[in-house]
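Here the structure comes first, spelled out in C-alpha coordinates, and everything after it is commentary.
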Amino acid sequence: MHPILDGIELVAFDLDGTLIDSVPDLAIAVDAALAELGLPLAGEALVRDWVGNGSRVLMERALRLATYPSEAPGTDRRGGPMPGMASVAPRDGFTAPPRRSVAGPASPTAAGEVDEALLERAHAAFLEHYGRDPGAHTRLYAGVRECLDALRGRGLPLALVTNKPHAFIAPLLEGVGLDAHFALCLGGDSLPEKKPHPAPLLHVAAHFDVSPAACLMVGDSRHDVAAGKAAGFRTLAVPYGYNHGEPVRDSGPDGVVESLAELV
Ligand SMILES: O=C(O)COP(=O)(O)O
Ligand SMILES: [Mg+2]
(Lines give C-alpha, C1' and ligand atoms only; values in the text may rest on other atoms or scores of the structure.)
(Ligands and ions follow the chains in the order given, each with its own letter.)
Protein backbone atom coordinates (compact mmCIF):
# COMPACT_ATOMS: atom_id res chain seq x y z
CA MET A 1 0.00 0.00 0.00
CA HIS A 2 1.24 3.50 -0.85
CA PRO A 3 2.38 5.47 2.24
CA ILE A 4 0.07 8.37 1.35
CA LEU A 5 -2.80 6.11 2.47
CA ASP A 6 -1.42 5.76 6.02
CA GLY A 7 -4.15 6.84 8.42
CA ILE A 8 -6.58 7.60 5.59
CA GLU A 9 -10.21 6.61 6.25
CA LEU A 10 -11.89 8.04 3.15
CA VAL A 11 -10.77 8.71 -0.43
CA ALA A 12 -12.38 11.29 -2.73
CA PHE A 13 -11.69 11.04 -6.45
CA ASP A 14 -11.96 13.56 -9.22
CA LEU A 15 -13.52 12.15 -12.40
CA ASP A 16 -12.42 13.78 -15.69
CA GLY A 17 -8.71 13.37 -16.32
CA THR A 18 -8.24 11.24 -13.19
CA LEU A 19 -10.46 8.18 -13.66
CA ILE A 20 -11.68 8.68 -17.23
CA ASP A 21 -10.33 10.23 -20.41
CA SER A 22 -13.52 12.07 -21.30
CA VAL A 23 -12.11 14.74 -23.61
CA PRO A 24 -12.99 12.98 -26.89
CA ASP A 25 -16.71 13.17 -26.05
CA LEU A 26 -16.44 16.63 -24.49
CA ALA A 27 -14.73 17.94 -27.63
CA ILE A 28 -17.37 16.45 -29.91
CA ALA A 29 -20.11 18.18 -27.89
CA VAL A 30 -18.22 21.51 -27.73
CA ASP A 31 -17.70 21.46 -31.48
CA ALA A 32 -21.33 20.51 -32.15
CA ALA A 33 -22.42 23.49 -30.04
CA LEU A 34 -19.99 25.84 -31.80
CA ALA A 35 -21.16 24.57 -35.19
CA GLU A 36 -24.77 25.34 -34.28
CA LEU A 37 -23.74 28.91 -33.50
CA GLY A 38 -21.89 29.24 -36.78
CA LEU A 39 -18.55 29.56 -34.97
CA PRO A 40 -15.22 27.92 -35.80
CA LEU A 41 -14.64 24.53 -34.19
CA ALA A 42 -12.16 24.07 -31.32
CA GLY A 43 -10.98 20.45 -31.59
CA GLU A 44 -9.76 18.01 -28.97
CA ALA A 45 -6.35 19.54 -28.21
CA LEU A 46 -7.78 22.90 -27.13
CA VAL A 47 -10.69 21.38 -25.23
CA ARG A 48 -8.19 19.28 -23.25
CA ASP A 49 -6.77 22.50 -21.78
CA TRP A 50 -10.19 24.00 -21.03
CA VAL A 51 -11.69 21.20 -18.90
CA GLY A 52 -11.68 21.58 -15.14
CA ASN A 53 -14.11 24.28 -14.03
CA GLY A 54 -17.39 22.75 -15.18
CA SER A 55 -19.35 22.84 -18.41
CA ARG A 56 -20.31 26.51 -18.40
CA VAL A 57 -16.73 27.72 -18.05
CA LEU A 58 -15.74 25.16 -20.70
CA MET A 59 -18.13 26.80 -23.18
CA GLU A 60 -17.07 30.27 -22.03
CA ARG A 61 -13.48 29.40 -22.91
CA ALA A 62 -14.59 28.02 -26.27
CA LEU A 63 -16.56 31.16 -27.07
CA ARG A 64 -13.75 33.41 -25.97
CA LEU A 65 -11.42 31.73 -28.43
CA ALA A 66 -14.06 31.81 -31.17
CA THR A 67 -14.82 35.50 -30.63
CA TYR A 68 -11.32 36.65 -29.63
CA PRO A 69 -9.02 34.35 -31.60
CA SER A 70 -6.02 36.61 -31.00
CA GLU A 71 -6.10 35.67 -27.30
CA ALA A 72 -3.94 32.70 -26.43
CA PRO A 73 -5.88 29.43 -26.48
CA GLY A 74 -6.23 27.31 -23.41
CA THR A 75 -5.50 30.14 -21.01
CA ASP A 76 -7.33 29.82 -17.75
CA ARG A 77 -8.67 33.28 -17.18
CA ARG A 78 -11.29 32.14 -14.72
CA GLY A 79 -9.84 29.63 -12.32
CA GLY A 80 -12.12 30.52 -9.45
CA PRO A 81 -15.31 28.84 -8.35
CA MET A 82 -18.49 29.47 -10.29
CA PRO A 83 -21.91 29.93 -8.78
CA GLY A 84 -23.50 26.50 -8.71
CA MET A 85 -27.09 25.46 -8.75
CA ALA A 86 -28.00 22.90 -6.20
CA SER A 87 -27.59 20.11 -3.51
CA VAL A 88 -26.12 16.59 -3.81
CA ALA A 89 -28.38 15.58 -6.63
CA PRO A 90 -29.12 18.95 -8.17
CA ARG A 91 -32.11 20.56 -6.51
CA ASP A 92 -34.11 20.64 -9.69
CA GLY A 93 -32.47 17.74 -11.46
CA PHE A 94 -30.92 18.36 -14.81
CA THR A 95 -33.11 19.09 -17.78
CA ALA A 96 -31.65 20.44 -20.96
CA PRO A 97 -33.05 23.91 -21.54
CA PRO A 98 -35.37 24.24 -24.52
CA ARG A 99 -33.52 24.82 -27.75
CA ARG A 100 -33.75 28.25 -29.22
CA SER A 101 -33.29 29.15 -32.79
CA VAL A 102 -29.71 30.02 -33.44
CA ALA A 103 -29.13 33.34 -35.07
CA GLY A 104 -26.16 35.39 -36.06
CA PRO A 105 -22.53 35.28 -35.10
CA ALA A 106 -21.09 36.01 -31.70
CA SER A 107 -21.77 39.45 -30.33
CA PRO A 108 -19.02 40.34 -27.89
CA THR A 109 -19.72 42.99 -25.27
CA ALA A 110 -16.77 44.58 -23.47
CA ALA A 111 -13.25 43.62 -24.54
CA GLY A 112 -12.55 40.01 -23.60
CA GLU A 113 -16.07 39.41 -22.29
CA VAL A 114 -18.32 36.76 -23.75
CA ASP A 115 -21.92 37.76 -24.37
CA GLU A 116 -24.12 36.20 -21.64
CA ALA A 117 -26.99 35.32 -23.97
CA LEU A 118 -24.61 33.68 -26.43
CA LEU A 119 -23.02 31.73 -23.58
CA GLU A 120 -26.46 30.55 -22.44
CA ARG A 121 -27.22 29.28 -25.93
CA ALA A 122 -23.82 27.66 -26.33
CA HIS A 123 -24.00 25.98 -22.93
CA ALA A 124 -27.52 24.67 -23.56
CA ALA A 125 -26.40 23.27 -26.91
CA PHE A 126 -23.35 21.66 -25.29
CA LEU A 127 -25.48 20.01 -22.56
CA GLU A 128 -27.88 18.63 -25.11
CA HIS A 129 -25.16 17.22 -27.36
CA TYR A 130 -23.07 15.83 -24.50
CA GLY A 131 -26.13 14.29 -22.86
CA ARG A 132 -26.93 12.21 -25.92
CA ASP A 133 -24.13 9.70 -25.23
CA PRO A 134 -21.55 11.16 -22.83
CA GLY A 135 -19.44 8.01 -22.67
CA ALA A 136 -19.34 6.98 -26.33
CA HIS A 137 -15.57 7.53 -26.68
CA THR A 138 -14.71 7.79 -22.98
CA ARG A 139 -12.30 5.25 -21.47
CA LEU A 140 -10.90 4.41 -18.03
CA TYR A 141 -7.22 5.16 -17.52
CA ALA A 142 -4.97 2.19 -16.83
CA GLY A 143 -4.79 1.24 -13.16
CA VAL A 144 -8.09 2.84 -12.17
CA ARG A 145 -10.23 -0.27 -11.83
CA GLU A 146 -7.50 -2.13 -9.99
CA CYS A 147 -7.12 0.77 -7.54
CA LEU A 148 -10.84 1.25 -6.89
CA ASP A 149 -11.47 -2.48 -6.50
CA ALA A 150 -8.64 -2.81 -4.01
CA LEU A 151 -9.67 0.23 -1.95
CA ARG A 152 -13.26 -0.95 -1.89
CA GLY A 153 -12.08 -4.41 -0.87
CA ARG A 154 -10.40 -2.81 2.15
CA GLY A 155 -13.70 -1.23 3.16
CA LEU A 156 -12.59 2.38 2.58
CA PRO A 157 -15.50 4.63 1.67
CA LEU A 158 -14.96 6.18 -1.76
CA ALA A 159 -16.50 9.44 -2.96
CA LEU A 160 -16.55 11.10 -6.35
CA VAL A 161 -16.21 14.89 -6.52
CA THR A 162 -16.32 16.26 -10.04
CA ASN A 163 -17.01 19.71 -11.43
CA LYS A 164 -19.05 18.30 -14.31
CA PRO A 165 -22.84 18.43 -14.03
CA HIS A 166 -24.25 15.74 -11.73
CA ALA A 167 -26.60 14.40 -14.42
CA PHE A 168 -23.69 13.00 -16.42
CA ILE A 169 -22.04 11.09 -13.55
CA ALA A 170 -24.31 8.02 -13.49
CA PRO A 171 -24.27 7.29 -17.23
CA LEU A 172 -20.50 7.72 -17.36
CA LEU A 173 -19.85 5.46 -14.36
CA GLU A 174 -22.24 2.85 -15.74
CA GLY A 175 -20.48 3.01 -19.08
CA VAL A 176 -17.14 2.08 -17.53
CA GLY A 177 -18.58 -0.37 -14.98
CA LEU A 178 -17.86 1.72 -11.89
CA ASP A 179 -21.42 2.47 -10.85
CA ALA A 180 -21.19 0.45 -7.61
CA HIS A 181 -17.88 1.85 -6.35
CA PHE A 182 -18.78 5.25 -4.92
CA ALA A 183 -20.80 5.77 -1.77
CA LEU A 184 -21.40 9.45 -2.63
CA CYS A 185 -21.10 11.40 -5.88
CA LEU A 186 -21.11 15.19 -6.11
CA GLY A 187 -21.25 17.15 -9.36
CA GLY A 188 -20.30 20.74 -10.01
CA ASP A 189 -23.94 21.71 -9.60
CA SER A 190 -24.56 19.67 -6.44
CA LEU A 191 -23.64 22.47 -4.04
CA PRO A 192 -23.49 26.26 -4.37
CA GLU A 193 -19.68 26.00 -4.69
CA LYS A 194 -17.47 23.72 -6.73
CA LYS A 195 -13.72 22.93 -6.67
CA PRO A 196 -11.34 24.71 -6.04
CA HIS A 197 -13.71 25.76 -3.23
CA PRO A 198 -13.37 23.28 -0.34
CA ALA A 199 -17.15 22.97 0.20
CA PRO A 200 -17.70 19.73 -1.78
CA LEU A 201 -14.84 18.00 0.03
CA LEU A 202 -15.97 19.24 3.43
CA HIS A 203 -19.46 17.98 2.57
CA VAL A 204 -18.04 14.53 1.82
CA ALA A 205 -16.02 14.41 5.05
CA ALA A 206 -19.03 15.50 7.11
CA HIS A 207 -21.32 13.02 5.32
CA PHE A 208 -19.08 10.12 6.36
CA ASP A 209 -18.22 11.70 9.73
CA VAL A 210 -14.50 11.51 8.98
CA SER A 211 -12.05 14.23 9.98
CA PRO A 212 -10.67 16.06 6.90
CA ALA A 213 -7.15 15.17 8.08
CA ALA A 214 -8.05 11.48 7.56
CA CYS A 215 -9.33 12.11 4.01
CA LEU A 216 -7.39 11.96 0.73
CA MET A 217 -8.29 13.91 -2.42
CA VAL A 218 -7.06 12.35 -5.66
CA GLY A 219 -7.16 14.50 -8.80
CA ASP A 220 -5.49 15.69 -11.97
CA SER A 221 -5.75 19.46 -11.71
CA ARG A 222 -4.77 22.42 -9.63
CA HIS A 223 -8.44 22.78 -8.66
CA ASP A 224 -8.37 19.36 -7.00
CA VAL A 225 -5.17 20.15 -5.13
CA ALA A 226 -6.41 23.61 -4.08
CA ALA A 227 -9.77 22.23 -2.90
CA GLY A 228 -8.02 19.45 -1.01
CA LYS A 229 -5.58 21.78 0.71
CA ALA A 230 -8.33 24.27 1.59
CA ALA A 231 -10.45 21.47 3.06
CA GLY A 232 -7.55 20.09 5.14
CA PHE A 233 -7.38 16.85 3.09
CA ARG A 234 -4.19 15.09 2.09
CA THR A 235 -3.75 15.49 -1.68
CA LEU A 236 -2.53 13.12 -4.37
CA ALA A 237 -2.21 14.07 -8.05
CA VAL A 238 -1.93 12.18 -11.33
CA PRO A 239 0.10 13.89 -14.08
CA TYR A 240 -1.72 12.41 -17.11
CA GLY A 241 -4.98 14.36 -16.97
CA TYR A 242 -6.17 17.88 -17.72
CA ASN A 243 -4.52 20.80 -15.98
CA HIS A 244 -4.68 23.72 -18.41
CA GLY A 245 -1.34 22.67 -19.86
CA GLU A 246 0.53 23.05 -16.57
CA PRO A 247 2.31 20.32 -14.60
CA VAL A 248 0.05 19.47 -11.64
CA ARG A 249 3.19 19.07 -9.50
CA ASP A 250 3.43 22.88 -9.56
CA SER A 251 0.38 22.98 -7.28
CA GLY A 252 2.31 21.17 -4.54
CA PRO A 253 0.23 18.03 -3.92
CA ASP A 254 1.37 15.79 -1.06
CA GLY A 255 2.10 13.05 -3.58
CA VAL A 256 2.06 12.24 -7.30
CA VAL A 257 1.56 8.80 -8.86
CA GLU A 258 1.93 8.00 -12.55
CA SER A 259 -0.86 5.42 -12.29
CA LEU A 260 -3.51 4.87 -9.62
CA ALA A 261 -2.36 1.25 -9.50
CA GLU A 262 0.63 2.55 -7.47
CA LEU A 263 -1.76 3.40 -4.65
CA VAL A 264 -2.55 -0.23 -3.92
O1 LIG B 1 -16.21 19.22 -15.92
C2 LIG B 1 -15.08 19.65 -15.65
O3 LIG B 1 -14.73 20.79 -15.94
C4 LIG B 1 -14.05 18.79 -14.99
O5 LIG B 1 -14.53 17.78 -14.22
P6 LIG B 1 -13.57 17.13 -13.09
O7 LIG B 1 -13.77 17.98 -11.87
O8 LIG B 1 -14.12 15.73 -12.97
O9 LIG B 1 -12.15 17.15 -13.59
MG1 LIG C 1 -10.18 16.48 -13.42
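The values are calculated or read from the model by the stated rules, or taken from the named source; none is laboratory data. Treat the numbers as computed from the prediction; the structure is a model and nothing was measured. As a convention, Cβ positions derive from the backbone with ideal geometry for all residues, glycine included, and neighbour counts pool all protein chains shown.
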Total residues in segment 224-260, condition away from ligand 2 (no atom under 14 Å from the Cβ), touching a residue at least 60 places away in the same chain (Cβ under 8 Å) and either over 24 Å from Ala205 (Cα atoms) or of a type in the set (Asp, Glu) (or both): 2
Single unsatisfied condition, Gly43 versus (1) within 16 Å of ligand 1 (Cβ to nearest atom); (2) at pLDDT 50 or above: (1)
Residue in segment 186-194 that is within 16 Å of ligand 2 (Cβ to nearest atom) and touching a strand residue (DSSP E or B) at 6+ places or on another chain (Cβ under 7 Å) present: yes
Boolean, Thr67 is over 17 Å from Val30 (Cβ atoms) and either modelled with pLDDT under 95 or surrounded by fewer than 15 Cβ atoms within 10 Å (Cβ to Cβ) (or both): no
Flag for Glu193 being acidic (Asp, Glu) and farther than 22 Å from Arg139 by Cβ: yes
Segment 206-224, residues that are within 16 Å of ligand 1 (Cβ to nearest atom) and either under 18 Å from Asp21 (Cα atoms) or surrounded by fewer than 19 Cβ atoms within 10 Å (Cβ to Cβ) (or both): Val218, Gly219, Asp220, Ser221, Arg222, His223, Asp224
Of residues in segment 9-19 being within 16 Å of ligand 1 (Cβ to nearest atom) and on the phi < 0 side of the Ramachandran plot, the one farthest from the chain's Cα centre (by Cα): Val11
Filter result for the condition that a residue is farther than 29 Å from Arg132 by Cα and of a type outside the set (Lys, Arg), over Leu178, Leu236, Leu160, Leu191: Leu236
Residue count, segment 196-241 (criterion: within 24 Å of Asp49 (Cα to Cα) and acidic (Asp, Glu)): 2
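For (1) part of a loop (DSSP other than H, G, I, E, B); (2) under 25 Å from Gly177 (Cα atoms); (3) away from ligand 1 (no atom under 14 Å from the Cβ), each residue gets a yes or a no:
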position	(1), (2), (3)
Gly7	yes, no, yes
Ala35	no, no, yes
Gly38	yes, no, yes
Val57	no, no, no
Glu60	no, no, no
Ala66	no, no, yes
